Each structure stands twice: as C-alpha cells, then as structure tokens.
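A short write-up of the structure that comes next.
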Amino acid sequence: MPPSPAPAEPALVHAAAKPSLAGLTRAELAKALRLMELPERELRMRVSQLWHWIYFRGAADFSSMLNVSKAMRERLDVAFSLELPEIVEEQVSSDGTRKWLLRLAPTNVSEKPAEIECVYIPESDRGTLCVSSQVGCTLNCSFCHTGTQRLVRNLTSREIVGQLMVARRRLGDFPGLERPTDGLVPGGEGMRAVSNIVFMGMGEPLYNLENVEAAIEIMADGDGLSLSRRRITVSTSGVVPQIGRLGEECGPMLAISLHAVRDELRNELVPLNKKYPIAELLRACRDYPGASNARRITFEYVMLKGVNDSPAEARELVRLLKGVPAKINLIPFNPWPGAPYECSDWDTIERFSDIVFNAGYASPVRTPRGRDILAACGQLKSETEKLRARARMVAE
Ligand code: SAH
Ligand code: SF4
C-alpha cells in the first residue's frame, strides 16, 4: 500500500496539497525523498533518475518515468507533483516575442499567489528567455516601472527554474514535444528554442543571490537543462559587494545597468549609486572573476532624451571603461505612462553609438522587441495589470 503523503516542509509547501519536485536542487530532491523514508543507499540513484526525467526529458508526470518501478512511481505520485508555475496569460507579438504571465503558488499559508512575467525573444540564431528574480523590486530607479512597485518577495530557486521549464514545455523544447506551429520559434537540428537566459525581468538578482545561484546551478547542470554559463547573463543595478561573490561562486556572464557616467546623475537614475558609486562599481567589474576579452561584461545604457545622451557623455563612457573587458548595450528607453523621461531621438542614439563604436566597442542598439505586447524591460507585469484594470473599467 502506498504510504500517506509526506508532511510538507515549509520550503516545499505548495498551493496544491502535493509539493512539486520540478525546479528543486539535488539536495532538495534528496530531502524530499527522505520524507518518503527511502533507504540512504537508494537515495542517490533515485535523485539521479528524477533529475534526468525532470530536467532532461521535461516529464510532466511520474507515470512516464519508465525506468522507475511502478510501485515507486505510484508512491511518488501520492506524495508529490511535477507542477510548474501556471501560465495565466500568453501574448504573442507579431515579431515572435512571447510574454507569459505566470502565477506562483504561495510559499506559505498566509501568502496570496504572486504573479510574474517572463518574456521569450526568438532570433534566427538564438532564443533568449528573460526571467524575473523577485516579485517587484526594492530599488527605485527613476526610469523603471518595476521600481515603482513595492517588493512583494524574493523568488525561490524553484520558481526561477520554473520559468525556464514552463517556457521549454510551451515551446516544445523537450524530447518528444512539438514546437508551436506558428513558425515563430527558432529550431532545426540541435538548436534549442531557449538557448540563452538573461536575468532582466523583474527584480534585482543580487538581492536574491542564493536563490539565483541555486537556479543557475540547476540550469547549467550537464545531466539536465544543460545551458552553458556563458549563455546565462545576470544583470545588476550595481550591488557591489555581491558582484565578486556571484563570479566566484557561480560564474555567469555579468551585465551592469550603468546608464550614467557621472555620480550626480547616476544617483538620480539609479539611487543605489549613492551607496555604491561608479568608481567602486567599476572596480568590482575589473575584478570580476573570469572576465576577459572573450568573456566581456555588458554595460547597459538606457537612452534618455536630454538627460544622458550627449556626445560628451559617450566620450566619458569610453574613458570610464578603459581597462574593463566591456561590451556596451544602448537601450532605447521604453516609456510608460507617467514616466518622467522620453526616449532619445534616433539621430542622437546613432551619434552616441558611433562614438562608442569608433573607440573600438561593439555597441549594438537593442532593438525594441515585442512592443505591441508591452514586453519591454521595466514594463513587465505592471503594464498587464494596468491594461486589465483599464479593461475592467471599460467593461463596467
Ligand atoms: N534589476 C536588474 C535587472 C532587471 S532590469 C538591473 O537593474 O539590472 C533589466 C534592465 O532593464 C536594466 O538594464 C534596466 O536598467 C532596464 N530598464 C528598466 N526599465 C527600463 C525602461 N523603461 N526602458 C529601458 N530599459 C529599462
Ligand atoms: Fe529594480 Fe532593475 Fe528596475 Fe532598478 S532597473 S528598479 S534595480 S528592476
């Protein structure tokens, strides 16, 4: 007879009665299986089996795990699920960008389900998934819409990995699944629908470092999801003390939201700069473990009309980055209702980009993607909420 469901531990509590195993680390999986009173000698083997089914095959239920005995599959099914965050809404842009609104199960009984957004950007040679690390953000960058929302909570590593798993299931990116038929997902022999991850959704990843690192370890594990760390980029507004730690402990690619070349202006745009000014931030970048010309740090620079977009600032940017293995990413500002800024004119962006390019930096201007579905950075979730509120007003 199968045993009764294992008592749920706080870290494993799930809205449904059964805690999900999808998104757990190896240590968490072992802990969950220990609750089933499996003998220690069996644990390692079971963890490896589950790891393969969950992360390599993308199994949606225990019954498909054919090399696990039927009795064991039934026991697992009684105690656990393989549920992922729920897709509440999907929007597909005319350029193939997809935005999912995901509902997360509460992490404890007193909590309401939280919602986050996750955006998929297909290109001819890659598919990039933009993931969130927090619900809301504690930092109040003046040009970012997420910054106007309060922090609700950190995401668990399971919820961060869950975003990749949901995307891969939806995009038919696990063995035996079909790609969507709309032709908007890159594919072909050996090409993955999701080849790159950027932590550029909601939240400041370095304020949730442990969970972000645990998630990256799962995403990069060669027996499972198997993404190269060179294809995982963590973007930070500049939490200096955590930058070195991220590099030493985990080693993903680093992106810095710089946005200004003078402390006075950066204090205004990215208030965290008052705590960790530009010189300290750049010192942490120079020391970032593993940074080299082959593994450059990306500096993001949002183009704000009349604020940070002069040729003098472009020249100062080049001077500041001397000695740092850097790429520069110019981002056209994505306006949001009530935003105190406008996007720089195209000519101004080009002039800025030319100065940076002539100094030897590749300076791609990030083409806005998914504008028709409001999938742009800093607009996630809040826009959907506003649209819903507007729709409700119209309906009432
Ligand atoms: N908190 C982290 C990661 C999330 S923000 C960080 O700040 O780096 C991801 C990127 O989107 C950052 O470079 C951020 O500065 C940029 N961004 C935020 N709001 C934006 C907007 N309205 N237009 C363009 N880029 C924006
Ligand atoms: Fe937070 Fe990044 Fe937005 Fe700043 S830009 S408010 S750090 S999400």
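Would you confirm, using the coordinates I've provided, whether residue 148 is at pLDDT below 90 and within 24 Å of residue 339 (Cβ to Cβ)?
Against the criterion (at pLDDT below 90 and within 24 Å of residue 339 (Cβ to Cβ)), residue 148 qualifies.
Across region 105-128, what is the total count of residues that are surrounded by fewer than 24 Cβ atoms within 10 Å (Cβ to Cβ) and either outside the structural domain of residue 213 (by TED's automatic domain parsing) or within 23 Å of residue 207 (Cβ to Cβ) (or both)?
Matching residues across region 105-128 total 11.
Any chance region 146-155 includes a residue that's of a type in the set (D, E, K, R) and within 16 Å of residue 206 (Cα to Cα)?
yes
State whether the residues of region 175-195 include one that is within 16 Å of ligand 2 (Cβ to nearest atom), assigned to a loop (DSSP other than H, G, I, E, B) and in contact (Cβ under 8 Å) with a residue 60 or more places away in the chain.
So far as region 175-195 goes, no, none of its residues is within 16 Å of ligand 2 (Cβ to nearest atom), assigned to a loop (DSSP other than H, G, I, E, B) and in contact (Cβ under 8 Å) with a residue 60 or more places away in the chain.
Residues are listed down the side, and each one gets a yes or a no for (1) among the hydroxyl-bearing types (Ser, Thr, Tyr); (2) at pLDDT below 95; (3) under 26 Å from residue 147 (Cβ atoms); (4) touching a strand residue (DSSP E or B) at 6+ places or on another chain (Cβ under 6 Å):
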{"site": "297", "(1), (2), (3), (4)": "no, no, yes, yes"}
{"site": "317", "(1), (2), (3), (4)": "no, no, yes, no"}
{"site": "325", "(1), (2), (3), (4)": "no, yes, no, yes"}
{"site": "330", "(1), (2), (3), (4)": "no, yes, yes, yes"}
{"site": "334", "(1), (2), (3), (4)": "no, yes, yes, no"}
{"site": "340", "(1), (2), (3), (4)": "no, yes, yes, no"}
{"site": "366", "(1), (2), (3), (4)": "no, yes, yes, yes"}
{"site": "370", "(1), (2), (3), (4)": "no, yes, yes, no"}
{"site": "395", "(1), (2), (3), (4)": "no, yes, no, no"}
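Which is in contact with a His (Cβ under 7 Å, 6 or more places away or on another chain) and either modelled with pLDDT of 65 or more or within 11 Å of ligand 1 (Cβ to nearest atom) (or both), of 344, 382, 353?
Sole residue among the options that is in contact with a His (Cβ under 7 Å, 6 or more places away or on another chain) and either modelled with pLDDT of 65 or more or within 11 Å of ligand 1 (Cβ to nearest atom) (or both): 382.
Results for (1) among the aliphatic types (A, V, I, L, M); (2) under 13 Å from residue 362 (Cα atoms); (3) crowded, with 22+ Cβ neighbours inside 10 Å; (4) assigned by TED's automatic domain parsing to the domain that holds residue 140, shown as yes or no for each residue.
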residue	(1), (2), (3), (4)
301	no, no, yes, yes
305	no, no, no, yes
309	no, no, no, yes
313	no, no, no, yes
318	yes, yes, no, yes
327	no, yes, no, yes
335	no, no, no, yes
339	yes, no, no, yes
349	yes, no, no, yes
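Looking only at region 114-135, count how many residues are in a loop (DSSP other than H, G, I, E, B) and closer than 25 Å to residue 148 by Cβ.
3
State whether one or more residues within region 223-245 are within 20 Å of residue 319 (Cβ to Cβ) and either more than 16 Å from ligand 1 (Cβ to nearest atom) or of a type outside the set (Lys, Arg) (or both).
Yes, that holds for at least one residue.
Taking only region 106-149 into account, find how many residues are small (Gly, Ala, Ser) and within 22 Å of residue 216 (Cβ to Cβ).
5
Return the only residue of 249, 213, 217 being closer than 29 Å to residue 28 by Cα, crowded, with 18+ Cβ neighbours inside 10 Å, more than 16 Å from ligand 2 (Cβ to nearest atom) and among the charged types (D, E, K, R).
Sole residue among the options that is closer than 29 Å to residue 28 by Cα, crowded, with 18+ Cβ neighbours inside 10 Å, more than 16 Å from ligand 2 (Cβ to nearest atom) and among the charged types (D, E, K, R): 213.
Note down all Cβ pairs under 8 Å where the first residue falls in region 25-53 and is over 13 Å from residue 76 (Cβ atoms), the second is of a type in the set (Phe, Trp, Tyr), and they're at least six residues apart or on different chains.
26/51
Take the conditions away from ligand 2 (no atom under 16 Å from the Cβ) and touching a residue at least 40 places away in the same chain (Cβ under 8 Å) and apply them to residue 158. Does it pass?
yes
Have a look at 104, 151, 139 and point out the one that is more than 16 Å from ligand 2 (Cβ to nearest atom) and on the phi < 0 side of the Ramachandran plot.
104
Looking at region 226-256, which of its residues are outside any helix (DSSP H, G or I) and of a type outside the set (Gly, Ala, Ser)?
Selection gives 227, 232, 233, 234, 236, 239, 250, 252, 253, 254, 256.
The values are calculated or read from the model by the stated rules, or taken from the named source; none is laboratory data. Small disclaimer: the values here were computed from a predicted structure and weren't measured. Methodologically, a virtual Cβ is constructed for each residue, glycine included, from the backbone with ideal geometry; neighbour enumeration extends over all protein chains shown.
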